[in-house]
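Report on one structure; see the data block that follows.
The values are calculated or read from the model by the stated rules, or taken from the named source; none is laboratory data. Since the structure is predicted, the reported quantities are computational estimates derived from the model, not experimental observations. Positions of Cβ are backbone-derived with ideal geometry, glycine not excepted, and every protein chain shown enters the neighbour counts. Each accessible area value is taken on the protein alone, full model and side chains, heavy atoms only, with ligands, DNA and RNA left out. Shrake-Rupley method; radii C 1.70, N 1.55, O 1.52, S 1.80 Å.
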Amino acid sequence: MNDLITISNCKNCGQQIETYSFCPDCGAKKITKRITFKNLIVEFVDRFLNVDNSFIRTFVHLFTKPEEVIDGYIHGLRKRYVNAFGYFAISVTITGFYSFIVKDRIFELTTTALSSLMSKDEIEAQLVALDTSFQYQSVLSFILIPILALLSRLVFLNYKKYNLTEHFVIYLYAYSHIVAVVALIQTPITFLVDSYFIMAFLPFLFYFLYIGFVLKRLYSISLKKILIKTILFFLILLGLMVFLAIGTAIISSISGYLSAVAEAKASTGL
């Protein structure tokens, strides 16, 4: 008697699967058993910890040869590495865990460091701003990346190798990578170091060095040129941040003034 052939449809694309372990159309694995905790662990290890896995390859190569990852994606390489938006999503997940773990500790360090410099109300305002940045970290990152791309394109305006959209891809990879790496490094350090200023400003040194390294490799320019352009980039960014801070302060002052006037009129019955 002939063995029965198990026929089913692929859960992903609907293609009929007979004796195959994988769908011949989309390549998805044929699932015949109920999911178990062991299945989840095996799938996680296979997807993220396998030495041949695209995530580990992307992570390592963004340190050793970022031009291959980023320039490759820009010019159509899609299978060898995690795609730009996928890598951004992984970074957001890592930084989200970081924020969840260190949030209270960061608040503690901030309060201690600013207690001799600011009033209680000013410190409270800083903590509110910090809490907002933690809550909307992924949104803020996604807003920041186009800004970084625009500034970078302006700094490299005399180079035609990458357009504005391609600079956006550069920072989807580069910014996502360095932010995630710094978060992983900072998680234990946050609980070992009592210096708020080291925790607050040291990451910017890593950002500065890594972004400069990536752009140097992508544009194949000298160390002197990339140093000048990286400094110019961060000076423009700093100027933009100062401008936004001043604008926010002016708006807050005007709003406070108008509120005070309104309250004064209400109290006098005018």
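Listing for the model above:
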| item | result |
| --- | --- |
| Mean shadow area of the stretch 152-254 over all directions, Cα convex hull, nm² | 8.6 nm² |
| Relative packing of 148-157, 133-142, which averages over residues the other C-beta atoms within 10 Å, highest first | 148-157, 133-142 |
| C-alpha center-to-center spacing [the stretch 207-233, the stretch 90-158] in angstrom | 24 Å |
| Cα-based shape type of the stretch 99-199, given that a ≥ b ≥ c are square roots of the gyration tensor eigenvalues and the cut on a/c is 1.5 | prolate |
| Filter on Lys65/Lys224; Lys103/Lys225; Lys79/Lys225 - keep pairs with C-alpha separation over 31 Å | Lys103/Lys225; Lys79/Lys225 |
| Estimated vicinal HN-Hα couplings, Hz - the stretch 63-75 in sequence order (Karplus 6.51, -1.76, 1.60; Gly, Pro = x) | 8, 8, 8, x, 5, 5, 5, 6, 5, x, 5, 4, 9 |
| Anisotropy class of the stretch 45-150 from Cα gyration tensor, a/c 1.5 cut | prolate |
| The stretch 136-176 - Debye-derived log10 I(q)/I(0), Cα point model, q = 0.20, 0.30, 0.32 Å⁻¹ | -0.54, -0.99, -1.08 |
| Given charges at beta-carbon only (K, R positive; D, E negative), |dipole| of the stretch 93-249 in Debye | 1080 debye |
| Å² of accessible area per residue within the stretch 158-230, as computed with a 1.4 Å probe and no ligands counted | 52 Å² |
| Scattering profile of the stretch 73-114 at q = 0.16, 0.31 Å⁻¹ [log10 I(q)/I(0), Debye over alpha-carbon scatterers] | -0.58, -0.96 |
| Hz values of 3J(HN,Hα) by residue in the stretch 143-160 - Karplus curve (6.51, -1.76, 1.60), Gly and Pro given as x | 6, 5, 4, x, 5, 4, 4, 5, 4, 5, 5, 5, 5, 9, 4, 7, 10, 9 |
| Hull shadow area, averaged, the stretch 85-134 [alpha-carbon convex hull, nm²] | 3.7 nm² |
